[in-house]
1. On the basis of being crowded, with 17+ Cβ neighbours inside 10 Å, at pLDDT below 85 and over 12 Å from the mean Cα position of the chain (by Cα), does residue 83 make the cut?
2. Working only within the stretch 20-53, note down all residues that are part of a strand (DSSP E or B) and crowded, with 20+ Cβ neighbours inside 10 Å.
3. Just to be sure I understand, how many residues within the stretch 102-126 are surrounded by 15 or more Cβ atoms within 10 Å (Cβ to Cβ) and either modelled with pLDDT of 60 or more or touching a helix residue (DSSP H, G or I) at 6+ places or on another chain (Cβ under 6 Å) (or both)?
4. Restricting attention to the stretch 54-79, which residues are without any contact (Cβ under 8 Å) to a residue 40 or more places away in the chain, in contact with a strand residue (DSSP E or B) (Cβ under 8 Å, 6 or more places away or on another chain) and assigned to a loop (DSSP other than H, G, I, E, B)?
């Protein structure tokens, strides 16, 4: 999927804030709990649903989904990775298709687990 939708919307990652440029109007995108250093809008579909990532006050990275001015924060749950004593330390979302499926990656760290990243596909965001 091309991140520039057929409607002419352009999700753009800026130094500190994500934003949407649509028909000459710039809308800032900052999920709740987002703080410096930045929010990045990384994907959009033709329905205008936007995904991306942001840092919270503790500088932890989280994903987000934005649809009709409502944010859904996205973190891969620790329990779903199937590795005892491992912790998900970051979740990033990079793209969304027309069915609302998202793709991204998450970072894992733990006592017996090397710091590593894994890709994921999230299904049916609505």
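The values are calculated or read from the model by the stated rules, or taken from the named source; none is laboratory data. Everything numeric in this text was worked out from a predicted model, so none of it was measured. FYI the Cβ positions are ideal-geometry reconstructions off the backbone, even for glycines, and counts take in every protein chain you see.
1. On the way: crowded, with 17+ Cβ neighbours inside 10 Å: no; at pLDDT below 85: yes; over 12 Å from the mean Cα position of the chain (by Cα): yes.
For residue 83, the condition - crowded, with 17+ Cβ neighbours inside 10 Å, at pLDDT below 85 and over 12 Å from the mean Cα position of the chain (by Cα) - is not met.
2. Residues of the stretch 20-53 part of a strand (DSSP E or B): 20-22, 25-29, 39-44, 50-53.
Those that are part of a strand (DSSP E or B) and crowded, with 20+ Cβ neighbours inside 10 Å: 29, 39, 40, 41, 42, 43, 44, 50, 51, 52, 53.
3. Result for the stretch 102-126: 8.
4. 56, 60, 75, 77
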